[in-house]
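Every number in this text was worked out from the coordinates using simple rules, so none of it is lab data. As the structure is a prediction and not an experimental result, all values here were calculated from the model. Cβ atoms come from the backbone with ideal geometry, glycine included; neighbour counts cover every protein chain shown.
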Amino acid sequence: MDSYDAELVQDAKDAAVKVLLHNLHGPCRGLPRTAGWGYPEPYTRDLMISTFGVLVSGNDRIIKAWRRVLEVLARQQTPLGHIPSLVHDPEDRGASDTTPLFLLAVALFRVATNEPSFLEEAVERALTWMQYQSPADRILVAHLPTSDWRDEQWVVGYGLYVNTILYTALRLLGINERADTLRDMMEHFTVKGERQQRHVHEGLVLRHKPYFAMWSYKVYRSERFDLLGNSLAILSGVASQTRARHLVSWIEAECEGLRKNEDLIVTLPPNLFPYIRPEDPDWVPRYERYNQPGEYHNGGVWPFICAFYLAALVATGRYQLARRKLMALTELIRPARAADVSFGFNEWCRAQDGTPQGEDWQTWSAAMYLYAAECVEQQHPVFFDGMKRQG
C-alpha cells in the first residue's frame, strides 16, 4: 500500500493505546505486561524501549505507569549499578542492554517532563556500571553472546546496538565528553588481518560499506547488517548525514534484492541480513529449532525495529518514503497469530511470507508504532532533535 491513509493510521494509533492500557497492569506486582497474553512478566528491555511511544502517546495513565516502572527499577538496581532483566526481580541479572536502556529511558523522561534530576542516584550508579563494561577501559562496551535483546543469537564483543543505546543516553543526559569518546571509538575501523597491532583499537566501521559492523572484537567481526543498531546510529548522529543517506539507499536496494530472491515478501526490512544459513560458519546448532533463516533474530521482521527505521528515514529527510513505510508498517501490525483483534501488534513476522509468528499485543510493537507515526506525521525524529551530525 503506497497511498497514505490517515484514517487507517489513526485507527492503528487508537488500537496501540488500547494495547498499552490493556497491558498496563500484569500479575507481577501490578507492573505492565510485556504482551497481552503470552508474556505476563515485565521484561525490562521491552518496557524501556517502549518509553519512546509511551511518552508521545499523551496518555497520563500510561506515562504514570512507566514512571513507576523506572522507580521500581531504581530500587531493584544492584549495589554495582546493574539493572535487572525483570523489573520485579532483582535476582534476574545478566542482560547487557538493560542498564543502558534504563539510562536512555530515564533521559527520555527527563526531556519529556523537564525533570533534570529524575532518579539521579540510580543514573550515577548505572553510569559507573557501564564504565566497567569496557574491557579496554575506553568507553566502548562489550558483552557476552545472547545477553542483549537477541537471546537466540550470538552477538559478542563490542556490539553496535548496545553502544548506540549508550551513546544516545549519554547525549540526552548531557554527558557529551564521554559521548564524544564513545563515538570516536565506534568510528575506528574493524581490525583486518590475523594479528592486532599493540596500539590499534578495533571499532565498528567497515571498509567500503555504508553500514556499521554488527559487532567486533580484536580480529573478529560480523559484517551482517543489524537494522536496529544502524537505525540508532542514524538517529543518534553516530552516522554522519552523508553516511546516513547512503545507508538508507543501500538498505532499500538490498531489500529489493531479497524480494527478488523470494527471501522477503514485505516492503519493510528484516532485522538482520544476509540470513545465517546452516552452511555458514556463524551458524550454531540451536538455530535449527529457534532461528531459521528469515525468522526470529535471524531475519525476522520486527515492528518495533521497523519503527526505529521509519524514524531514521525521517531523520535523513526521506519523508515520502517514510510515509509509504508507515503504511506498510500499519499493514504489518494488523494480522494476529491467535487473538481475535483488529490489530494484532504481533512480536515478529516471518520474512518470506509476512505471517505473524510471535506473541500478539506485544507492548513494544504497539508503543513503537505510536512513536513511528509521530515521527512521520511531525516530520522530525522525536527526542533525537539536535543529534543530527553534519558531513
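What value does region 266-391 have for Rg/Rh, both radii from Cα atoms and Rh as Kirkwood defines it?
Values: Rg = 15.7 Å, Rh = 15.3 Å.
Result for region 266-391 is an Rg/Rh of 1.03.
Give, to the nearest whole percent, the P(r) tail of region 276-349 beyond 22 angstrom, counting all Cα pairs. Don't jump to the answer; show the numbers that get you there.
On the way: 1097 of 2701 pairs.
In whole percent, the long-distance tail amounts to 41.
For region 260-391, what is the charge dipole size about the Cα centre, in debye to the nearest 20, if Lys and Arg each add +1 at the Cβ and Asp and Glu each add -1 at the Cβ?
Details: 13 positive and 16 negative charges, 98 e Å.
It works out to roughly 480 debye.
Would you work out the charge dipole size for region 52-210 about its Cα centre, treating the Cβ of every Lys and Arg as +1 and the Cβ of every Asp and Glu as -1, and quote it to the nearest 20 debye?
Numbers: 18 positive and 20 negative charges, 73 e Å.
Value, rounded to 20: 360 debye.
Report the full-extension gain for the segment T242 to I265: residue separation times 0.36 nm, less the Cα-Cα distance, to one decimal in nm.
Details: separation 23, 0.36 × 23 = 8.28 nm, distance 2.90 nm.
So the extension gain works out to 5.4 nm.
Going toward the positive end of the dipole of the chain, with +1 on Lys and Arg Cβ and -1 on Asp and Glu Cβ, which of I62, S216, I276 do you reach last?
Value: S216.
Subtracting the Cα-Cα distance from 0.36 nm times the residue separation, let me have the gained length for H380 to E121 in nm, one decimal. List each step's numbers first, then the result.
Working: separation 259, 0.36 × 259 = 93.24 nm, distance 3.20 nm.
Gain on stretching H380 to E121: 90.0 nm.
Principal axis lengths of the chain from Cα atoms, whole Å, largest first?
59, 52, 43
For region 329-391, count the residues as N, evaluate 2.2 N^0.38 Å, and divide the Cα radius of gyration by that value, please.
Values: Rg = 14.6 Å, N = 63, 2.2 N^0.38 = 10.6 Å.
Cα Rg divided by the expected 2.2 N^0.38 Å: 1.37.
Give the relative contact order (percent, whole number) for region 6-378; include only Cα pairs under 8 Å separated by 6+ residues.
Details: 712 pairs, mean separation 62.2, N = 373.
Contact order relative to length: 17 percent.
Under a point spin-label approximation (7 Å from Cα along Cα-to-Cβ), what is the T78-D151 distance to one decimal in nm?
1.7 nm
Which residue fluctuates most in the GNM of the chain (Cα springs below 10 Å): S249, S57, S240?
Of the options given, S249 has the highest mean-square fluctuation.
Using unit Cβ charges (K, R positive; D, E negative) and no other charged atoms, how large, in debye to the nearest 20, is the dipole of the chain about its Cα centre? Working shown, then result.
Details: 42 positive and 48 negative charges, 168 e Å.
Using Cβ point charges on Lys, Arg, Asp and Glu, the chain gives about 800 debye.
Would you kindly state how much longer the chain becomes between L8 and D282 on full extension, computed as 0.36 nm times their sequence separation minus their alpha carbon distance, in nm to one decimal?
Working: separation 274, 0.36 × 274 = 98.64 nm, distance 4.14 nm.
Going from the current span to full extension adds 94.5 nm.
Provide the net charge surrounding Y43, with neighbours chosen by a C-beta distance below 10 Å and charges set as Lys +1, Arg +1, Asp -1, Glu -1. Each step should come with its number before you reach the end.
Details: positive: R33, R45; negative: E41, D46, D92.
Result for the local shell: -1.
May I ask which residue of H25, G257, A338 lies farthest towards the positive end of the charge dipole of region 6-378, with charges of +1 (Lys, Arg) and -1 (Asp, Glu) on Cβ and the Cα centre as origin?
Ranked along the dipole, the leading option is G257.
Which residue, chosen from I49, F109, T98, occupies the Cα position most advanced towards the positive end of the dipole of region 34-113, where the dipole is computed from +1 (Lys, Arg) and -1 (Asp, Glu) charges on Cβ about the Cα centre?
Projecting each Cα onto the dipole axis, the largest value belongs to F109.
Pairs of lysines 8 or more apart, or on different chains, with alpha carbons under 18 Å: count those in region 6-378, would you? Don't skip to the answer; put the middle values down first.
On the way: K13/K325; K18/K64; K192/K209; K192/K218.
Value for region 6-378: 4.
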